[in-house]
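Chemist: Below is a structure I'd like to ask you about.
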Amino acid sequence: MRKNNFTTTKPANRKLTTEKSADKAAAPAAKAAAPVKSAAASGSTSSAPAASVSSEKSEPEKTWENAAAYKVSKETFRAELDELLELGFHTDFESAPVETLYKAIATLINKQLKRRRFEFQKARRKAGKNVPDTKKIYYISMEFLMGQSLKNNLYNLDETDLVAEVLKDRKLTPQDLYDCEPDAGLGNGGLGRLAACYMDALASQGYDAVGFSIRYEYGLFKQKIVDGWQAELPDNWLPGGYVWLNRRDEDTFKVSFYGDYEEYWTDDGLKYNLNNAEVVDAVPYDMLISGANSRVVDTLRLWKSESSNDNDFDMASFNNGDFSRAAQKENRAHLISKVLYPADNVEEGKELRLKQQYFMVSASCQNIVRNHFRDYGTLDNFSDKVAIHINDTHPALTIPELMRIFMDEYGYEWDDAWEQVSKTVSYTNHTVLAEALEKWNEDIVRVMMPRIYSILKEIDRRFREDMEEVFPGDEGKIDWMTPIAQGQVRMANLSVLGSQSVNGVSALHSEILKDDLFHDFYLATPEKFTNVTNGIAYRRWLCQSNPKLAGLIDSCIGPDYRKNADLLEKFADFADDPSVGEQVLSIKRENKVRMSNLIKKTTGIAPDPDSIFIVQAKRLHEYKRQLLNALRIISRYQKLKENPDLDMRPETYLFAAKTAPNYYLAKSIIQLICKIGEEIEKDPKIRSKMRVMFLENYSVTMAEHLMPAADISEQISLAGKEASGTGNMKMMINGAVTIGTMDGANVEMHEAVGGDNIFIFGQNAEEVQDNLRSYDSRRLYETDPVIKAAVDALGTGFAGTDFNNLKQYLIQKTYSIADPYMCLADFNDYCRVHKEIQDAYEDRKRWAHMSIINTAKASRFAADRSIREYADNIWHTKPAE
Ligand SMILES: *Cc1c(COP(=O)(O)O)cnc(C)c1O
């Protein structure tokens, strides 16, 4: 880890020589007092880690601005740890298993976060109403793909060295602890990871934000590959993940489902009764979100469903010995937050999923309004002080639920309530794929949430009236735009009409929303539509995942880019510096060696670090076209079989992808990749030139190892289909060169690095539109011998398994077209740029240049930048400082 000088160069301002020595001076007193004073084991938050030290006059006050005040000496930390291990875990430092050390140290770090959170809130309350232009930001999302927390928190709190020092006495490293932490896999892919990256950016830049989601007991399934076929195992993450969750019973809210609903008219207007509803408790578990530079600690509040009534346990049945009946109601309540739906970019339409959505939305909205009323005593200024963002349409019921709370609980009239609600909510669209747009059966909505349904009907009625004025007489158009039609509630339409802002997640995607998916809305309300290109938490994906590259960048341009991503662009000045170039290449090689060793641990095979690592890691979906990648690999394999002595740089193709359990075609494609790999592995001569590996169980933590080891990033979706992509950004910032279509954020990456530093191929989005109807894959197959050979190989099969289904998919017209994602149309151009890559890679100076430019220009894909755009242009708020 620490051999090269440039990697250990410590950024000048990442403290803290003076504070550290001051801390050391105070240490003896702390050491003596700590065992008595420490409150860690009792779970109390009332005493800060170095309470005994803080009584000394020289100690700075522990306020949320003053991060240095939280620093403790090794001795103090060790004393706290010892006590926690003894009283909390019934062991001691010398004999504790490493898993226990992870839990204990995470608990202490969590305690520090709680203290900082408390101070931040205190400061915020004090400044309170006097701070103009700041709002509370609420980010509601069914998914937060958080991954691990310890490494990130230690980095943000600048405590990594302290923990490393403490662990030395056990001959352990921080990495040994990280390896014990399960991923919080509360998301499927890009959408969930985006929410996680945004929480980091919000906290790091000092915004006052809360994320809301569900405390799924089981996160995204663990993927097991059996004979090439994906199997799903439950992901029971809580035992190791609990250390970061703080249950807050006092903020429990009740959520009602079903019941007998009736409306009646009185002199005061329409009233209703709801009887026999099924009521569940939503109990919050808060995960604290540290920011880099430690200024603000935000929260991710995860709701757990529990039965709300002791009567839900049926004592009579229990006494009669019918135990499962006795717990029936309790179990029904618990079921809501039991498991994350494993579908990405596809609509499930399951009743329990709708229940999850309303459960999350209702608890969150009640919480938001309660907070606001508590702080201001009125809701009249709600939209001035609150911004609520919905991540895709999953939380769209936010709109009618807020209406319900304003009207039924705070006595608002419809118009006044609507004024507040529709100015508070903003919406991000994540997909234009028709099969991913949420629609709910109207009857299910009516029965499950009768009051919400009644509000939806009224929203629908009024919207039709409004649109009649914009598009007089155009019934067809209006019917297309309404939230309810043809027996369905359409969440995208609801989200657009009830939000003050609608944005796509890349420039291209936002244009497609205006031109196509939401065109009529755009005509009616053009001012609502805007773009915010996605971004990534670059400290996690570069500084923490690739410390050596980050260290090299420190030594070139100084460490300030770790706070201000814009400065990273200065690294481009070193693109042609021979020494920097060489170091970039050697760091990449070290990362590949590390990845190769990891792969060996799970597969027994260590890919050659001197081969080109070509990576496609993302959900498996037709539109992402892993099949196009596989088809070109087949073609290459056929060429190598013909000419085994072909002079080429060896290539390693690394795939990683999960897919929805019922997505048969996608599972077939996984199997194809596995079987191609298996067949090649049998031939020593060929496997020395090309290797294909499918890495099981893709996760955030795997991505953190994989991205720094990628030479080439495959981003090959059919143009117009990938809303943005963020995996592309993670590999780019780690110096990989992209081979991609003009889709999603690739378009902006191309603009940032210039045509010489990216490999673009295939039809653009417009050409796809023009060509789709005339796409004749069978003609391509019949007239192009290279394509024909590759497609026919699917029929013959690999390692004893044939893939006739995939062959048919590519060339057989079933409904109107074969393969709606037009793999064969882009095949030849894809092969062309891959040939260019071989040459470019051999020119090591050129490659280093490309790599550095990619890292430097990735600065614009920092989540910090995205969040500033949301705050400035959509939420209209400033950091809470
Ligand atoms: C970033 C990320 C994704 C998104 O990848 P795309 O290539 O943008 O689809 C999915 N899964 C994990 C684990 C990620 O870290």
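Each reported figure results from applying straightforward, stated rules to the coordinates on display, with no laboratory input. Predicted model, so just to flag it, every value in this text is computed and none were measured. Note: ideal-geometry Cβ built from the backbone for every residue, glycine included; neighbour counts use all protein chains shown.
Chemist: Report, in whole Å, the centroid distance computed from the Cα atoms of region 76-155 and region 782-834.
Modeler: If we compute the Cα centre of each part, the gap is 52 Å.
Chemist: Between Glu99 and Glu475, what is the label-point separation in nm under the 7 Å Cα-to-beta-carbon projection?
Modeler: 6.6
Chemist: Over what distance in Å are the Cα centres of region 162-194 and region 231-310 separated?
Modeler: Rounded to whole Å, the Cα centres lie 28 Å apart.
Chemist: Another question, if that's okay. Once fully extended, how much extra length lies between Gln175 and Glu409, figured as 0.36 nm per residue of separation less the alpha-carbon to alpha-carbon distance?
Modeler: Residue separation times 0.36 nm, minus the Cα-Cα distance, leaves 79.2 nm.
Chemist: Pop out the ³J(HN,Hα) list for region 609-626 in order, Karplus 6.51 cos²θ - 1.76 cosθ + 1.60 with θ = phi - 60°, rounded to Hz; leave Gly and Pro as x.
Modeler: Those phi angles translate into x, 8, 7, 7, 8, 10, 10, 10, 10, 4, 3, 8, 8, 3, 5, 7, 6, 4 Hz.
Chemist: Given a Förster radius of 30 Å and the C-beta distance between Arg846 and Glu696 as r, what FRET efficiency does 1/(1 + (r/R0)^6) yield to the nearest 0.05?
Modeler: E between Arg846 and Glu696, to the nearest 0.05, is 0.30.
Chemist: So how much slack lies between Thr801 and Asp268, counting 0.36 nm per residue of separation and subtracting their Cα-Cα distance, in nm?
Modeler: This chain segment gains 184.7 nm when fully extended.
Chemist: FRET efficiency for Asp610 and Asp576, Cβ-Cβ distance as r, R0 = 22 Å, nearest 0.05?
Modeler: Once rounded, the FRET efficiency stands at 0.40.
Chemist: Set the bar at 25 Å for Cα to Cα. Now go through Lys111/Lys168; Lys136/Lys271; Lys600/Lys675; Lys592/Lys807; Lys338/Lys423 and name every pair that lies beyond it.
Modeler: Lys136/Lys271; Lys592/Lys807; Lys338/Lys423
Chemist: Let me ask another. For Lys338 and Arg325, calculate 0.36 nm times their separation in residues minus their Cα-Cα distance, and state this gained length in nm to one decimal.
Modeler: Stretched fully, the Lys338-Arg325 segment lengthens by 2.8 nm.
Chemist: Using +1 at the Cβ of each Lys and Arg and -1 at the Cβ of each Asp and Glu in the chain, identify which of Thr173, Tyr285, Ser213 lies farthest towards the dipole's positive end.
Modeler: Thr173
Chemist: Taking the Cα-to-Cβ direction at His519 and at Met315 and moving 7 Å from each Cα, how far apart do the two end points lie in nm?
Modeler: The answer from the label model is 6.5 nm.
Chemist: Quick one: which residues, 5+ away or cross-chain, put their amide H under 5 Å from the amide H of Lys222? H built at 1.01 Å from N.
Modeler: Leu233, Asp235
Chemist: Using the Karplus curve 6.51 cos²θ - 1.76 cosθ + 1.60 with θ = phi - 60°, what ³J(HN,Hα) values do you get for each residue of region 558-571, in whole Hz, with x for Gly and Pro?
Modeler: x, x, 5, 4, 5, 9, 10, 4, 4, 5, 4, 4, 4, 4
Chemist: At 10 °C and a viscosity of 1.306 mPa s, what translational diffusion coefficient does Stokes-Einstein give for region 106-226, taking Rh as the Kirkwood radius over Cα pairs? Give it in µm²/s as a whole number.
Modeler: Values: Rh = 16.7 Å.
Using the Kirkwood radius from Cα pairs, D works out to 95 µm²/s.
Chemist: Whose amide H sits under 5 Å from the amide H of Ser337, counting only residues 5 or more places off or on another chain, with H placed in the peptide plane?
Modeler: For Ser337, the qualifying residues are Ser305.
Chemist: Here's another thing I want to ask about it. Taking the simple approach of a point 7 Å from Cα along Cα-to-Cβ for both Val131 and Leu665, what is their distance in nm?
Modeler: Result for the modelled spin labels: 4.9 nm.
Chemist: In addition: Distance between Cα centroids, region 465-528 to region 351-374: provide it in whole Å.
Modeler: Their Cα centres are 25 Å away from one another.
Chemist: To the nearest 0.05, what FRET efficiency results for Gln808 and Asp829 with a Förster distance of 22 Å applied to their C-beta separation?
Modeler: 0.35
Chemist: Mind checking which aspartates and glutamates have their C-alpha under 20 Å from Lys685, skipping anything on the same chain fewer than 8 residues away?
Modeler: Asp608, Asp610, Glu642, Asp645, Asp647, Glu651
Chemist: A further question follows. Which of Phe144, Phe759 has the fewest other C-beta atoms within 10 Å, and how do the rest follow up to the most?
Modeler: Phe759, Phe144
Chemist: Let me ask you something else. Please list, ordered by chain and number, the residues whose modelled amide H lies under 5 Å from the amide H of Met690; skip anything fewer than 5 residues away on the same chain.
Modeler: Counting only residues 5 or more places away or on other chains, the set is Glu651.
Chemist: With unit charges on the beta carbon (Lys/Arg positive, Asp/Glu negative), name the residue among Ala818, Phe798, Ala840 whose Cα is farthest towards the positive pole of the charge dipole of region 796-865.
Modeler: Ala840
Chemist: If you don't mind, there's one more thing I want to ask. Just to be sure I understand: of the beta bridges DSSP finds with both ends in the chain, what percent are antiparallel, rounded to 5?
Modeler: 45
Chemist: Each residue of region 733-742 in order: what ³J(HN,Hα) in whole Hz does its phi give by Karplus 6.51 cos²θ - 1.76 cosθ + 1.60, θ = phi - 60°, with x for Gly and Pro?
Modeler: Karplus-based 3J(HN,Hα) across region 733-742 equals 5, 8, x, 6, 9, 8, 10, x, 8, 7 Hz.
Chemist: Convert 4 °C to kelvin, take the viscosity as 1.567 mPa s, use the Kirkwood radius over C-alpha pairs of the chain as Rh, and evaluate the Stokes-Einstein diffusion coefficient in µm²/s, rounded to a whole number.
Modeler: It diffuses with D of about 45 µm²/s by this estimate.
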